[in-house]
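Structure first, commentary second.
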Amino acid sequence: MQTTQADKIFDWAYAPAPEATDHVHINKKYDLFIDGKFVKPGKGKYTNTISPSTEQLLAQVAEADEKDVDKAVKAAKSAYDKTWKKMPGKEKAKYIFRIARMIQERAREFSVIETMNGGKPIRESRDIDIPLAANHFFYYAGWADKLDYAFPNRKPQPVGVAGQIIPWNFPLLMAAWKIAPALATGNTVVLKPAETTPLTALKLAEIIQESGLPDGVVNIITGAGQTGAALVNHSLINKVAFTGSTEVGKVIQKALAGSNKKLSLELGGKGAHIVFEDAPIDQAVEGIVNGIFFNQGHVCCAGSRLFVQESIADKLIDKLKDRMSSLIVGDPLDKNTDIGAIHSKEQLDKINQYLSVGKKEGAEMYQPSCIIPKKGFYCKPTLFLNASQSHRIVQEEIFGPVLAVQTFRTIEEVIEKANNAPYGLSAGVWTDKGSRIFNLTSQLKAGVVWANTYNKFDPASPFGGYKESGFGREGGLHGLMPYLNL
Ligand code: ADP
């Protein structure tokens, strides 16, 4: 393995700065949140949820079967008919606003639990996930009494009961993305978090209970794929919102074909970072690192493909290697940590398989010489140089801190290469030229194109993809539409 300049400079260590955990309360066992109460699962089955950074047991979580799903959907249907659909928008807004405030009040606790259960650095959950989740509730609280102004000359009507299924990479934030617009538009909800990261959604259930939201308006049920499938297929569900793998997204799309259920899918991605020779190079390096290495690459919109203009490739790659050598991989509860734990053993195995595939395909692998903890699931930040379009590491979503690098000479060439992927979720363009940015934003087939930055989110801004990345938008005014009949 190559030693870079940064290996020599950064051979001193930061003193540990661990976040306190004594203020956090995690129950030993969690039941299903149905009709405003925590109820035991019919079959009495529970599964373990662990911390991927220590492999320690955190809690046992109920597994909902078909009958439990039926109970939850019926509670949501009854709450829709009896209370929520009739309640004036300005009253609904007060509840949504209250939930936002309560998340803010308990933000520190939520951040620590998110990090313990999912493995992401506390810096990310504290500064991004939890504040953004609260902001989504604030933002959509504002729309609840203004729907007629959002869609002038149309009569926005709620859809009914929404079945919502979310993945493990942003557990609370995805719950907020799903629940907040659904409530603001007058729908009721059954939400299923990912089986590996259910804890913050269950904590959110506690907040919802305390907030006084009418019983049954939000139901949160836990379980794995079968629970999700039972929810999707329930006859009283009017709308399915799914974020997760393209594979499961396709299964859901098939299951709903021919039904009159509305569907939105936010699936995988293979984001392209495009760096031109006139780009602010140090900022671009920081953006690339932020886009793929922070958060372990566990982001659907991760910038996992880098296209760098040939004339600056050597310089940029040297700088990138130096920056990678200074990244701290380890305990996600430590405030110095840049790259936390991979979310599960299965995911780590999958990433390691791709590392072997990349080497076999002939790309040149680089990892800095950092030390990773022995216990828990960790992966060093990884570059693959001299990758080519046909490589699997360029075409397939890895969902880990792995960046495939290619060079380009002309703008036509890079547009062609960037668009040549099955996904179309995100891209980043780095250049000094405004006209070039506008040219690329119209030609890149990606739902989001960031210019001279990456991975920036705002509740007012829509997010979603093309091609195998799914359809439908979340966030902003657009995020109201999937939950309305107009
Ligand atoms: P990821 O690995 O990105 O989390 P998955 O698509 O496996 O992707 O999981 C996303 C969510 O979908 C999880 O909550 C999971 O339990 C759920 N899920 C898995 N299989 C199905 C299915 N057949 N029908 C509905 N939901 C499912």
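The values are calculated or read from the model by the stated rules, or taken from the named source; none is laboratory data. On a predicted model such as this, the values are computed, not experimentally measured, just so you know. FYI the Cβ positions are ideal-geometry reconstructions off the backbone, even for glycines, and counts take in every protein chain you see. When the accessible area is computed, the model is the full protein with side chains, heavy atoms only, and any ligands, DNA or RNA have been set aside. Shrake-Rupley method; radii C 1.70, N 1.55, O 1.52, S 1.80 Å.
Taking H placed 1.01 Å from N in the peptide plane, check which residues at least 5 places from ALA302 or on another chain put their amide H under 5 Å from its amide H.
Placed amide hydrogens put GLY271 under 5 Å from ALA302.
What is the set of long-range amide H partners of ASN485 at a cut-off below 5 Å, with H atoms built 1.01 Å from backbone N?
It is GLN157, VAL159, by chain and number.
Would you calculate the separation in nanometres between label points at GLU416 and LYS250, each defined as 7 Å from the Cα along the Cα-to-beta-carbon direction?
Going from the GLU416 label point to the LYS250 one covers 2.7 nm.
Pick out, in residue order, every one of the trypsin sites (Lys or Arg not before Pro) in segment 346-424 that is DSSP loop and has at most 12 other C-beta atoms within 10 Å; say none if there are none.
LYS374, LYS375, ARG409
I want the local charge near ALA241. Using Cβ-Cβ distances under 14 Å, sum +1 for each Lys or Arg and -1 for each Asp or Glu among the other residues.
On the way: positive: LYS178, LYS192, LYS239, LYS261, LYS262, ARG473; negative: GLU266, GLU474.
Overall, the nearby charge balance is +4.
Mean separation of Cα pairs under 8 Å and 6+ residues apart, divided by the residue count of segment 400-486: what relative contact order is that in percent?
24 percent.
For TYR30, which sequence-distant residues (separation of 5 or more, or a different chain) have an amide H within less than 5 Å of its own amide H, given hydrogens modelled in the peptide plane?
GLN60, VAL61, ALA62
Just to confirm my numbers, what's the Cα centroid distance between segment 305-379 and segment 16-70 in Å?
31 Å
For the chain, state the average projected area of the convex hull of the C-alpha atoms over all orientations, rounded to one decimal in nm².
The Cα convex hull of the chain, projected and averaged over all directions, gives 22.2 nm².
Let me have the relative contact order for the chain, percent, based on Cα pairs under 8 Å that are six or more residues apart.
Answer for the chain is 18 percent.
Can you tell me the length gained on complete extension of the stretch ALA17 to LYS375, counting 0.36 nm per residue apart and subtracting the Cα distance?
In short, 127.0 nm is gained.
Can you grab the distance from the C-alpha centre of segment 193-212 to the C-alpha centre of segment 78-155, Å, no decimals?
Segment 193-212 and segment 78-155 have Cα centres separated by 13 Å.
Using per-residue counts of other Cβ atoms within 10 Å, averaged over each peptide, order 112-119, 42-49 from highest down. Don't skip to the end; give the middle numbers.
Values: 112-119: 27.9, 42-49: 14.6.
Peptide ranking by packing, descending: 112-119, 42-49.
With +1 on each Lys and Arg Cβ and -1 on each Asp and Glu Cβ, how big is the dipole of the chain about its Cα centre, in debye rounded to the nearest 20?
My answer is approximately 1620 debye.
Carbon and sulfur atoms: what percent of the 1.4 Å accessible area of segment 272-451 do they account for? Don't skip to the answer; put the middle values down first.
On the way: 3230 of 6690 Å².
Summing carbon and sulfur atoms, their accessible area is 48 percent of the total for segment 272-451.
Applying 1/(1 + (r/R0)^6) with R0 = 41 Å to the Cβ-Cβ distance of ASP145 and ASN27, what FRET efficiency is obtained, to the nearest 0.05? Please report the intermediate quantities before stating the final value.
Values: r = 36 Å, r/R0 = 0.88.
After rounding, the FRET efficiency stands at 0.70.
Output the relative contact order of segment 298-452, whole-number percent, from Cα pairs under 8 angstrom with separation of 6+ residues. Show your work: numbers first, answer last.
Details: 222 pairs, mean separation 38.8, N = 155.
Relative contact order, segment 298-452: 25 percent.
I'd like the orientation of helix 107-118 relative to the chain: the angle between its Cα long axis and the longest Cα principal axis, in ° from 0 to 90, rounded to 10.
Between helix and principal axis, roughly 70 degrees.
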